Amino acid sequence: MTTGKRALIVDDSRSARVILSRMLEQHGLAVDTAESAEQALEYLHQQRPDVIFMDHLMPGMDGFQAVQVIKGDPQTATIPLMMYTSQEGELYVSQARALGAIGVLPKTVRPVDVSRVLYQLHLLPDRRQLRSALFAERAAAAKAAAEAAGGAEAAHEGGEGGASPERPGPTARTAPAVEPGDMALTSTGTWTLPAAAISELQGGLRQSVHQLVKDQLAEQRRFMLATFEAFARRMSSEIKEGIAKVPVPPAVEPVVPPPPPVPWWPVVLTALLAALPAVVLGVLYWQAMQAQVGLGRELVAAKAEAAAAAKLAQSAAARAQATIGPSVTTSLAAPPSGPPAGPVAVEYVPYGETPLANARLERLRGLAATLEAQQFRGRIVVETFIGDFCLSGNAGDGFEVADDALPTPKCDLVGNPFEDALSPAQRQSVAFANFAATLGQRTGGAITVETVNAGRRNPVEYPEQGERSTAGEWNAVATQNNRVEFRLVPAG
């Protein structure tokens with residue numbers, strides 16, 4: 001018998017999905033499964049199950065991240081979600097409940113645990129209500145039959161009272177005509193139910209007793225399984241403790257045989273062994289000298305490379321000064337009442353790269369060096385903007401920039417899932433964060449760095465998605481929108 005309810009199991013283990021599916025199907029639930037959190041989110045766009053069982057550790061998006069996404073969507077936030085995992089501890093349970101899970105089950109889930117969860121969520125009818133309904137139906141039928149019998153007897157007595165003032169004996173009564181389904185009057189003056197009604201009552205009673213016995217046997221079976229599992233765990237722990245307490249047998253002392261006579265050849269062998277270390281040490285010393293000579297040569301080469309790198313750094317700083325200097329001078333000449341009209345520098349971010357890293361970090365370093373030389377005081381505001389690219393791929397295997405010749409209507413996705421999934425801390429590299437912090441410390445707070453996520457504001461207009469437009473044209477505009485702007489805000 002099915003209940004009309006549906007459950008979703010999200011687990012990368014096929015055996016775990018099969019076991020839990022059988023437990024839920026025994027209670028009459030329709031079961032759907034998903035191998036990953038991403039597949040479950042796609043499923044929830046089309047279906048709304050009555051309960052979700054979510055595993056914790058899965059490749060890609062884990063259970064915590066999936067719960068956060070599901071509870072953050074108003075369309076799926078009300079679906080009850082039960083997590084199960086092999087991990088233990090109150091910290092994990094608290095984290096799961098804080099994200100919106102109604103509870104946590106162990107990875108080796110038991111049938112009694114599944115039954116308890118389904119009863120708590122009211123996905124299964126209460127057995128006591130089923131029993132009460134069966135008894136109430138039979139009691140109502142018996143009450144109706146008794147009222148019908150009482151009315152017939154009263155009518156019979158009323159008819160006799162109108163016929164004669166004297167009360168006749170039982171032999172003077174005449175039995176009324178009994179139709180199918182009515183009460184029958186016996187020769188002794190009592191009313192009885194017909195055989196069909198008695199058979200119906202007996203069948204209902206037999207069905208109720210059969211259902212009660214069946215439910216009781218099921219409860220006893222679950223109780224015995226739980227008892228046996230607890231007994232097995234206790235016996236396993238006791239056996240392990242007993243094995244650990246078994247004393248280690250004492251070591252048997254070997255019997256030392258009498259020493260054999262010493263021949264002459266060990267003396268010669270000992271002399272050879274004594275000379276061998278001197279030879280080995282000589283070889284090692286020669287190798288160390290050769291290694292030292294090689295290290296000296298490498299040190300000279302490294303110094304030469306360092307000098308060349310220093311020259312390259314100086315030339316790069318000069319180019320940065322030539323490139324950024326006019327913009328910085330203009331921004332410093334602006335009135336202190338507000339920031340300059342436009343950015344002093346713009347860097348474009350390729351799809352899939354961290355916004356505040358690589359070339360954007362180098363640009364910030366060059367800008368900070370120029371500002372320190374000009375004794376600038378204020379803030380460097382770094383704003384990141386998001387561009388929507390024409391992408392190919394899927395959520396499971398990932399997305400990449402589509403081929404330039406691909407028509408834009410055939411793009412698998414137009415957006416930027418990489419940057420949309422980044423948290424504020426993930427939008428900048430460790431080197432960028434360290435440089436921003438050390439810049440404020442090095443300048444005594446005169447120059448500080450402020451990062452702002454501008455999202456999709458002020459985009460360059462995208463081309464129309466027609467049959468003749470290509471992904472190359474679209475992504476050229478998306479690259480301009482996927483940018484980082486550097487602005488200067490003088491102090492005061």
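The values are calculated or read from the model by the stated rules, or taken from the named source; none is laboratory data. Worth saying up front: this structure is predicted, and the values here are computed from it rather than measured. Positions of Cβ are backbone-derived with ideal geometry, glycine not excepted, and every protein chain shown enters the neighbour counts. Remember, those area values only see protein heavy atoms, side chains included, never the ligands or the DNA or RNA. Shrake-Rupley method; radii C 1.70, N 1.55, O 1.52, S 1.80 Å.
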- Query: Residues GLY72, GLY89, GLY60: which one is open to solvent by less than 80 Å² (accessible area, probe 1.4 Å) and more than 20 Å from GLY103 (Cα to Cα)?
  - Reply: GLY60
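Yes or no, residue by residue, for (1) in contact (Cβ under 8 Å) with a residue 60 or more places away in the chain; (2) among the polar types (S, T, N, Q); (3) closer than 29 Å to LEU41 by Cα:
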{"site": "ALA395", "(1), (2), (3)": "yes, no, yes"}
{"site": "GLY398", "(1), (2), (3)": "no, no, yes"}
{"site": "PRO407", "(1), (2), (3)": "yes, no, yes"}
{"site": "ILE447", "(1), (2), (3)": "yes, no, no"}
{"site": "ALA454", "(1), (2), (3)": "yes, no, yes"}
{"site": "SER469", "(1), (2), (3)": "yes, yes, no"}
- Query: ALA37 versus (1) at pLDDT below 90; (2) open to solvent by less than 10 Å² (accessible area, probe 1.4 Å): which is the lone unmet condition?
  - Reply: (1)
- Query: When ALA446 is evaluated against the numbered criteria (1) open to solvent by 20 Å² or more (accessible area, probe 1.4 Å); (2) modelled with pLDDT under 90; (3) hydrophobic (A, V, I, L, M, F, W, C), which criterion, by number, is the only one it fails?
  - Reply: (1)
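One line per residue, one yes/no per condition, for (1) modelled with pLDDT of 90 or more; (2) of a type in the set (Gly, Ala, Ser); (3) over 21 Å from ARG483 (Cβ atoms):
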{"residue": "PRO340", "(1), (2), (3)": "no, no, no"}
{"residue": "GLY352", "(1), (2), (3)": "no, yes, no"}
{"residue": "ARG363", "(1), (2), (3)": "yes, no, no"}
{"residue": "ILE386", "(1), (2), (3)": "yes, no, no"}
{"residue": "ALA436", "(1), (2), (3)": "no, yes, no"}
- Task: Taking the options GLY472, GLY455, GLY445, name whichever one is at positive phi and within 37 Å of the chain's Cα centre (by Cα).
- Result: GLY455
- Message: Condition check: buried (at least 16 other Cβ atoms within 10 Å of the Cβ), at pLDDT 90 or above and aliphatic (A, V, I, L, M). Does LEU81 satisfy that?
- Response: yes
- For the stretch 1-115, which fully contained helices (runs of 4 or more DSSP H) count at least 1 residues that are closer than 30 Å to ARG221 by Cβ and more than 14 Å from the chain's Cα centre (by Cα)? 14-26
- Task: Test LEU44 against the criterion of being surrounded by 14 or more Cβ atoms within 10 Å (Cβ to Cβ) and over 30 Å from SER423 (Cα atoms), and give yes or no.
- Result: no
- Going through the stretch 380-406 one residue at a time, which ones are open to solvent by less than 30 Å² (accessible area, probe 1.4 Å) and among the aliphatic types (A, V, I, L, M)? ILE380, VAL381, VAL382, ILE386, LEU391, ALA402
- Query: Given the structure, is THR384 under 30 Å from GLN39 (Cα atoms) and of a type in the set (Ser, Thr, Tyr)?
  - Reply: no
- Item | Every residue from the stretch 449-463 that is hydroxyl-bearing (Ser, Thr, Tyr) and at pLDDT 90 or above | THR451
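Would you mention how many residues in the stretch 338-379 are of a type in the set (Ser, Thr, Tyr) and either open to solvent by 60 Å² or more (accessible area, probe 1.4 Å) or part of a helix (DSSP H, G or I) (or both)?
Within the stretch 338-379, residues that are of a type in the set (Ser, Thr, Tyr) and either open to solvent by 60 Å² or more (accessible area, probe 1.4 Å) or part of a helix (DSSP H, G or I) (or both) number 2.
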